[in-house]
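Below is one structure, written out as structure tokens; the observations come after it.
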Amino acid sequence: MHPPCRRWLWSTDLLPALWLILCLGCLPSSAPAAGAAPKPFAIPAAAAEVTLETFSDQAGAQVIYLIDDVRGVVTRPVQGSLAVREALEQLVAGTGLGVVQDEKTGAFVVRRGRNGPPPAVATESRANTSSPAMKNTLRARLTAAFAAFTAAALSAQTVTPNPAASEPGRDDPVTMSPFQVSTSRDVGFVATASFAGGRMKTDLKDTPLAYSVLTKEFLDALAITDTEAAMEWAVNSYQQRGDASDKISNLDGGTRTRVRGVITKMLRNFFELGQPSDVYANDRVDFARGTNALLIGNGGLGGATILMTKQAMFDKRKGELAATISDQGARRMTLDFNQPIGTKVAMRGAFLWQDSDTWREVGNDKRRGVYLTAAARPWAKTQLRVDFEDYRSRERLAVNGLTDGVSGWDGITVVDAPIGTLPGGVNSNAVGLTRLGSSTAPLPIMLPGYNNATVYNFANHWQTMGGGATPQTPVNGILPANTANLRAFGQRINGFENAPARFGIATSKSKFFVTTPSYEFLPEMTTYERFLKNASFYVDQQIGNDIFVQVSYSMTKNGTVSNLLATRLTEVILDVNRLLPDGRANPYYLQPFVQTGGDDIGKGTNKWDELRAGIAYQKTNTRFGTFRFNVIGGMTERNTDNRTYQHVMARNPDIRQRPQNDRIGFRYYLLDSNRPYDVPNQITYVDPIANTNTPYNVQELLNLNFADANNRTAKRQFDYLQASAFAKLFKDRLTLLAGKRWDRFRVTTKNALHTNIRASYPVDWDGRTLLFDPDAPANYWSLSGTQRALYNPPILDQRVSTNTYGGIINATKWLGGFYNYAQTFDTSRSVLAINGNVLEPTVSLGWDAGIRVS
């Protein structure tokens, strides 16, 4: 649920191939459709530039007009089931605009005060498609390919124009693009179109896929600010919430939301995004549920969340400033501004500022974002577009629920000075105390709230235990018959099993207090940080009236920075020592604290390079129906680098030993309002066992104790080619969609050294360079599991093909049935079969069927 808020707004395999053959065989020559069959329309009164596009989408017809003719015109509303021509004439009635239909193409021409023959159809459009080829140096190849296409598109503009296509001094006629999903058709909470038809614009009513959309109005009305919150409103989805430690530890930064029980993937304009994001730069959020490689690509067995970013508009100046506050401390402002520059250039920007608290005591979420986009129409059939975004979020995120480390204490036994064993032969377990470190095992701990320039050796100091920690440890002074069956140890303080009376001894004999559900403990630090930088480029070219080409390229760098310190400050303990390690009186005597043996700072980075290109052909409203075909290809390269660092003292002469032996621990007292996380460059190490006070430099070194996901690199390369066909037949009573996709993927993973770690690093190691396990030998799969663990996994190089097909049958105008079958695949792991061969990629298949009533 979202908090109450206020918002202010100011506005200035075989079957696919058979489908393809069927549709190609049905292609007409070029006869126009009669357009007399009634169709449902729901068009509000609005600017003609908007309503003509909406009419074109709802009628499935081409509409051509001159920008100067319709600028400033407001059209009438159209509601109900009408013939296409009748609906268009009703739309423009009383506006001074006239309607003429081209006899050859069937296109409607809207003109001001003229009833002569229509001009030749010269259209412009944008296609959302992709390209197939890949070599080893990806970015150089992508740049070269993109430049080559752009040069070809520009040189194509030297064709001599048809004199009948335009009038001197007038703009070229414009037709509505079948490849652009415009949010102008989204009315309230209802969206009508998507790219679900094989990555081409398709009305949702003609889409047999499980696909849904959250419009901007819906996002605004419910104060939804990010994809994680949006997905709570998607069909058959849920967020797999833990105690927050799972999120903090997630260096890959992926979503925790499941759809149909499986994790989804994140896309942005159908480019890989890889992590959740704010929605300030998006006009809507789309959800594709279940398997469908044709639509969402590799992986994503549960589907995908697709962010559709804002686009610059050529036809109107628009601004929106929104401010949101809530009774739980949310503070957020967004600005969206669109500015045309003449008739051929437009720019748009979106900006975000957020500083929001939560219902928990220390939770906070700061976000900053800048999104800029520009578009240009240098020629009638060419459009260029560029997007840029810089976004960062910083969260103060604590683990939910502190655990019991005090109820085993007897309330009497304390320690006067550091000592190896309790005096008088007292059984420490029976009185609920445990010793820290030993004379040969130092425990360096910093007290940041007391003195962060000093690190103390707390060896031979003592602390309390939770009830039932051992068979001899009581719970609030009562020893159960069987502590294991009681399951008392490690429970949350405010959990159901932990009634306040359970802590009667601790609360009466110390300064311990029972925490509330909203209570969290966290130092003054950012726990979890996400960042995103993206630049995307699009070139769209129309060839004739029916062929559309697009090349697009995206560069993305995103990642996370997480401090695992927050996941370890979870057990509440009592300080029963009268003295500090330096011999002074302990100002925190009998106070509760949380403690960890070290901090670990995870830094995960992903760099994405993606190029896609495609070509599409469409025929609308022919004597046989409407047909669309496309071929899309692309290549993607993702480079992942995960590293984990920690703060250590430069005490051991061998730098390789410091991550193991010289880690700096941290202790924070719950009653201390001063909770800094500020590690200085130099500290004094107080060691009462050695009786020394020694200054040491502090270093941030790689934590060599971490391997696999926390210290690794990976390179994933994907090439794909796909083809799809869409047909509407028998006066729109039958809709068919089919496609096939071919993928090749190569995955190279390098993990940090697992064995003989420190001896493998050079004596002059710089503390930042990571060494990896050796590459897998040729007999890798014949080795035992223990032996295989010594090597990196072998390079995964595989191919897979997937299919999708489906359709809709409309029995009446309001009743229909749909069916869709689709496949997708997962490349996340390599699995060995019983015969020693690597199994093929995991291919998931699914189908959806149902009845629609409208």
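In region 773-799, how many are basic (Lys, Arg) and buried (at least 16 other Cβ atoms within 10 Å of the Cβ)?
1
Residues are listed down the side, and each one gets a yes or a no for (1) β-branched (Val, Ile, Thr); (2) outside any strand (DSSP E or B); (3) surrounded by fewer than 21 Cβ atoms within 10 Å (Cβ to Cβ):
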residue: Asn494; (1), (2), (3): no, yes, yes
residue: Pro517; (1), (2), (3): no, yes, yes
residue: Leu522; (1), (2), (3): no, yes, no
residue: Asn545; (1), (2), (3): no, yes, yes
residue: Ser554; (1), (2), (3): no, no, no
residue: Leu565; (1), (2), (3): no, yes, no
residue: Leu574; (1), (2), (3): no, no, no
residue: Pro581; (1), (2), (3): no, yes, no
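Only one of (1) more than 28 Å from Asp327 (Cβ to Cβ); (2) of a type in the set (A, V, I, L, M, F, W, C); (3) buried (at least 23 other Cβ atoms within 10 Å of the Cβ) fails for Val262. Which number is that?
All conditions are met except number (3).
Only one of (1) of a type in the set (Phe, Trp, Tyr); (2) modelled with pLDDT under 90; (3) part of a helix (DSSP H, G or I) fails for Phe503. Which number is that?
Failed condition: (2).
Among Thr464, Thr454, which is the only one that is touching a strand residue (DSSP E or B) at 6+ places or on another chain (Cβ under 6 Å), modelled with pLDDT of 90 or more, of a type in the set (Ser, Thr, Tyr) and surrounded by fewer than 21 Cβ atoms within 10 Å (Cβ to Cβ)?
After ruling out the rest, the residue left standing is Thr454.
For every residue, the table says whether it meets (1) part of a strand (DSSP E or B); (2) buried (at least 20 other Cβ atoms within 10 Å of the Cβ); (3) touching a Phe, Trp or Tyr at 6+ places or on another chain (Cβ under 7 Å).
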residue	(1), (2), (3)
Pro653	no, no, no
Gln657	no, no, no
Gln660	no, no, no
Tyr668	yes, yes, yes
Val679	no, no, no
Ile683	yes, yes, yes
Asn697	yes, no, no
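Answer yes or no as to whether Thr255 is in a loop (DSSP other than H, G, I, E, B) and over 21 Å from Thr207 (Cβ atoms).
yes
Does Pro448 count as buried (at least 18 other Cβ atoms within 10 Å of the Cβ) and within 21 Å of Pro592 (Cα to Cα)? Give the derivation first.
Working: buried (at least 18 other Cβ atoms within 10 Å of the Cβ): yes; within 21 Å of Pro592 (Cα to Cα): yes.
It is true that Pro448 is buried (at least 18 other Cβ atoms within 10 Å of the Cβ) and within 21 Å of Pro592 (Cα to Cα).
Return the residues of region 620-669 that are among the hydrophobic types (A, V, I, L, M, F, W, C) and within 33 Å of the chain's Cα centre (by Cα); say none if nothing qualifies.
Of everything in region 620-669, those that are among the hydrophobic types (A, V, I, L, M, F, W, C) and within 33 Å of the chain's Cα centre (by Cα) turn out to be Phe629, Val631, Ile632, Met635, Phe666.
What are the residues in region 334-392 that are farther than 17 Å from Gln311 by Cα, touching an Asp or Glu at 6+ places or on another chain (Cβ under 8 Å) and part of a loop (DSSP other than H, G, I, E, B), if any?
If the condition is that a residue be farther than 17 Å from Gln311 by Cα, touching an Asp or Glu at 6+ places or on another chain (Cβ under 8 Å) and part of a loop (DSSP other than H, G, I, E, B), then Thr358, Arg360, Glu361, Val362, Gly363, Ala380, Lys381 are the ones that fit.
Give the residues of region 423-451 that are under 30 Å from Arg492 (Cβ atoms), in a loop (DSSP other than H, G, I, E, B) and either touching a strand residue (DSSP E or B) at 6+ places or on another chain (Cβ under 7 Å) or of a type in the set (Asp, Glu) (or both), sorted by residue number.
Across region 423-451, the qualifying residues are Gly432, Leu443, Pro448, Gly449.
Would you check which residues across region 631-651 are aliphatic (A, V, I, L, M) and in a strand (DSSP E or B) and list them?
Val631, Ile632, Met635, Val648, Met649
For region 763-784, does any single residue satisfy the condition of being over 30 Å from Ile632 (Cβ atoms), part of a strand (DSSP E or B) and among the charged types (D, E, K, R)?
Looking through region 763-784, none of the residues is over 30 Å from Ile632 (Cβ atoms), part of a strand (DSSP E or B) and among the charged types (D, E, K, R).
Counting just the residues of region 275-313 that are part of a strand (DSSP E or B) and more than 15 Å from the chain's Cα centre (by Cα), which one comes out modelled with the highest pLDDT?
Of everything passing the filter in region 275-313, Asp283 is modelled with the highest pLDDT.
For region 331-382, give me the residue count where each residue is in contact with a helix residue (DSSP H, G or I) (Cβ under 7 Å, 6 or more places away or on another chain) and among the hydroxyl-bearing types (Ser, Thr, Tyr).
Residues that pass the stated criteria total 2.
Being surrounded by fewer than 16 Cβ atoms within 10 Å (Cβ to Cβ) and at pLDDT below 80: is that true of Leu20 here?
So Leu20 fails the test.
The values are calculated or read from the model by the stated rules, or taken from the named source; none is laboratory data. Model, not experiment: these values are computed from the prediction. Quick reminder, even Gly has a Cβ in these numbers, built from the backbone with ideal geometry, and neighbours come from all protein chains shown.
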